[in-house]
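Asks: There's a structure below that I have some questions on.
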Amino acid sequence: MSAEIGEKCAVVGLYDVGLAAARLAVPALWSLQHRGQESSGIVVSDGEMLRAHRGMGLVARVYEEKDIDALPGSIALGHNRYSTDGGSTVDHVQPVVREDMLVASAHNGNLPVTDALRDFLMEHDALISGSNDSEMMTDAIRYHMSRGASLEEAIIESFPLFTGAFSFLVMTKDKIAAVRDQFGIRPLSIGRINGGYMFASETCALNTLQAKHLRDVQPGELVIAGQDGLRSFEIATGKQKLDIFELVYFARPDSVLLGKRVNEVRRNFGFHLADEHSIKADVVIPIPDSAIPAAEGYSEKTGIPLRHGFAKNRYIHRTFIQPDQRLREMGVRLKLDIIPEVVAGKRVVIVDDSIVRATTARDLVSMLRGAGAIEVHFMVSSPPVKYPDFYGIDTPNQSKLAAAHMSIEEIRKSIGANSLHYLSYEGLIKATGLPEDVFCTSCFTGNYPIDIGVKREGIIFHV
Ligand code: AMP
């Protein structure tokens with residue numbers, strides 16, 4: 001958990017699910033709230049026209065009864081946004097729709113290189129100034145459709161211009177298209193529901209609506225849900241490289257990614273962490289929520305009892321935190337409070353899923369010491385984050401990444417822990433039960449599967 005680095009977005013599509021697609025889209029977006037809390041939007045079609053409702057803040061705040069009543073139709077597209085590129089203003093709330101209401105789109109991911117896309121739009125007089133990557137993708141598709149192309153033709157034509165990571169849903173008044181970049185960096189699943197179809201960033205949203213998980217959209221694949229059911233097109237030769245950070249931090253533990261339950265993979269991280277680093281301690285404390293399964297695994301393997309030493313306020317989100325200096329100083333304390341009786345007089349192992357800038361770790365160690373812990377051993381259930389991300393997590397500045405400019409010993413000192421241990425890269429991969437090459441591991445290795453263009457110049461490799 002962190003207040004300043006960005007999270008990924010969530011997308012949801014519902015096709016032919018009965019008359020109230022918007023009513024189903026709301027709980028689906030709710031279950032994907034962890035992927036984006038800044039804004040939310042739904043666009044529906046009743047077969048005649050598209051209608052949109054979008055707003056800033058959490059799902060629970062954006063949709064009132066009257067808003068949902070005003071969204072008739074059995075096709076819906078939904079999006080939760082956590083800004084990556086493009087700033088956090090109401091102008092960029094998704095789904096993207098333009099005045100003509102020809103198409104609506106919802107994007108999870110980020111295009112680090114947009115030169116060709118921008119040039120194409122400029123050349124055809126179709127560039128709208130101030131557009132971000134998702135909006136330009138939509139405008140390329142609109143351009144082809146305005147010249148008579150079908151939705152699928154327009155996506156196939158535009159696809160080579162989309163250099164980046166995308167799990168992208170596009171709807172017209174009678175179809176939904178789902179398309180994934182050729183490496184499938186961001187997840188996207190397909191479900192069957194009420195005789196119709198559902199697309200969602202994670203399977204937890206399918207479970208919420210009791211949809212049956214059919215399969216995932218494949219890397220480089222376009223799937224159209226329309227009158228003829230599901231149709232599939234291989235647009236590019238796919239090579240699966242899911243962002244491994246989905247397993248480390250982003251996804252919900254009940255979701256299934258690449259056939260693996262996220263919760264079980266995280267427990268395995270904990271088992272491997274225990275094999276690699278055994279410590280004499282009295283209690284294991286997880287940092288909620290994402291590190292709970294890894295802490296359970298660590299505790300189970302080492303026999304050190306697990307207790308919950310931090311209570312999390314689950315209702316605080318970035319949207320509601322004003323950038324006020326006093327609030328900023330409270331830092332992690334806004335989200336987590338310590339339970340002193342669990343840690344006082346004890347040798348404590350705390351488990352978190354990752355260290356990015358190390359501000360959270362520093363605050364946590366100081367809280368533990370303040371509450372009377374006699375030793376604090378910090379375990380991280382992933383390797384050091386050394387490289388910035390350009391595919392949808394907003395950690396673009398390498399100079400802010402602790403492990404890019406400090407040794408592990410220097411980080412240990414700076415957070416004030418008695419010891420600091422990371423899961424090894426080999427341990428991380430082994431714990432997934434999958435081969436290394438099905439993952440994008442750029443934040444740990446600096447291997448970027450998709451061109452990041454001039455951004456490469458600002459990066460120091462082999463740190
Ligand atoms: P930091 O304080 O910058 O070291 O961030 C590390 C904390 O943020 C850990 O508690 C992680 O669970 C969490 N975290 C890791 N990656 C992200 C991200 N991209 N967005 C938000 N929080 C994150």
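The values are calculated or read from the model by the stated rules, or taken from the named source; none is laboratory data. Only a predicted model underlies this, so the values are computations on that prediction, with no experimental measurement involved. Every residue, glycine among them, receives a Cβ derived from its backbone with ideal geometry; neighbour counts consider all protein chains shown. Just the protein is used for accessible areas: all its heavy atoms, side chains included, with ligands, DNA and RNA removed. Shrake-Rupley method; radii C 1.70, N 1.55, O 1.52, S 1.80 Å.
Asks: Express in % the proportion of alpha carbon pairs of segment 2-240 at distances exceeding 33 Å.
Replies: Numbers: 2231 of 28441 pairs.
Counting pairs separated by more than 33 Å, the tail of P(r) holds 8 percent.
Asks: Specify which residue in the list Ala10, Gly458, Pro384 is farthest towards the positive end of the charge dipole of the chain, using unit charges on the beta carbon of Lys, Arg (+1) and Asp, Glu (-1), about the Cα centre.
Replies: Pro384
Asks: Which FRET efficiency value, to the nearest 0.05, is calculated for Ala60 and His308 with the Förster distance at 22 angstrom and r the Cβ-Cβ distance? Mind showing how you got there, number by number?
Replies: Values: r = 25 Å, r/R0 = 1.15.
For Ala60 and His308, the calculated efficiency is 0.30.
Asks: Also, I was wondering about something else. Using +1 at the Cβ of each Lys and Arg and -1 at the Cβ of each Asp and Glu in the chain, identify which of Leu434, Ala52, Leu230 lies farthest towards the dipole's positive end.
Replies: Leu434
Asks: Oh, and also: Please calculate how many Å² of accessible area the chain carries per residue, with a 1.4 Å probe and no DNA, RNA or ligand atoms counted. Please list the in-between numbers first.
Replies: On the way: 18260 Å² over 463 residues.
On a per-residue basis, the chain sits at 39 Å².
Asks: For segment 345-414, which GluC sites (Glu not before Pro) are both in a DSSP coil and crowded by at most 12 other Cβ atoms within 10 Å?
Replies: Numbers: sites: Glu375, Glu409, Glu410; in loops: none.
Listed in order of number, the matching sites amount to none.
Asks: With only Lys, Arg, Asp and Glu charged, each at its Cβ (+1 for the first two, -1 for the last two), find how big the charge dipole of the chain is about the Cα centre; round to the nearest 20 debye.
Replies: Details: 49 positive and 58 negative charges, 293 e Å.
Charge dipole, the chain, about its Cα centre: 1400 debye, nearest 20.
Asks: Something else now. Return the FRET efficiency for the residue pair His213, Tyr425: r is the Cβ-Cβ distance, R0 is 51 Å, and the value is rounded to the nearest 0.05. Working shown, then result.
Replies: Details: r = 30 Å, r/R0 = 0.59.
Given R0 = 51 Å and the Cβ-Cβ separation, E is 0.95.
Asks: Probe radius 1.4 Å, ligands and nucleic acids left out: which of Tyr448, Tyr391 has the largest accessible area, and how do the rest follow?
Replies: Tyr448, Tyr391
Asks: Carbon-plus-sulfur fraction of the accessible area of the chain, 1.4 Å probe, in percent? Can you show the working numbers first?
Replies: Numbers: 9070 of 18260 Å².
Answer for the chain: carbon and sulfur cover 50 percent of the accessible area.
Asks: Given axes a ≥ b ≥ c from the Cα gyration tensor, I'd like to know whether segment 333-463 is rounded (a/c under 1.5), prolate (a/b larger than b/c) or oblate. Don't skip to the answer; put the middle values down first.
Replies: Values: a/c = 2.43, a/b = 1.86, b/c = 1.30.
Prolate shape, in that a/c is at least 1.5 and a/b is the bigger ratio.
Asks: Near the amide H of Tyr422, under 5 Å away, which other amide H atoms are found, from residues 5 or more places off or on another chain, if H is placed in the peptide plane?
Replies: HN-HN under 5 Å from Tyr422: Val380.
Asks: Where does the chain land at 222 nm, in deg cm²/dmol rounded to the nearest 500, when only DSSP H runs of n ≥ 4 count, each adding -39500 (n - 2.57), divided by all residues? Mind dumping the intermediate values first?
Replies: Values: 16 runs with 129 residues, N = 463.
Helix-only estimate at 222 nm: -7500 deg cm²/dmol.
Asks: Along its principal axes, what span do the Cα atoms of the chain show, with the longest given first and each in whole Å?
Replies: 71, 47, 44
Asks: While we're here: Separation between the Asp174 and Ser129 pseudo-spin-labels, each 7 Å from Cα along Cα→Cβ, expressed in nm?
Replies: In this crude spin-label approximation the distance works out to 3.9 nm.
Asks: May I pose another question? Once phi is turned into ³J(HN,Hα) by the Karplus curve 6.51 cos²θ - 1.76 cosθ + 1.60 with θ = phi - 60°, what whole-Hz value does each residue of segment 56-65 show in order, with x for glycine and proline?
Replies: Values per residue, Gly and Pro as x: 7, x, 6, 3, 4, 9, 6, 10, 9, 3 Hz.
Asks: Hey, if we sort Glu152, Glu436 by accessible area with the 1.4 Å probe, largest down, what's the order?
Replies: Numbers: Glu152 20, Glu436 95 Å².
The residues order as Glu436, Glu152, largest area first.
Asks: Expressed as a rounded percentage, what relative contact order does segment 93-166 have, with Cα pairs under 8 Å and six or more residues apart?
Replies: For segment 93-166, the relative contact order is 37 percent.
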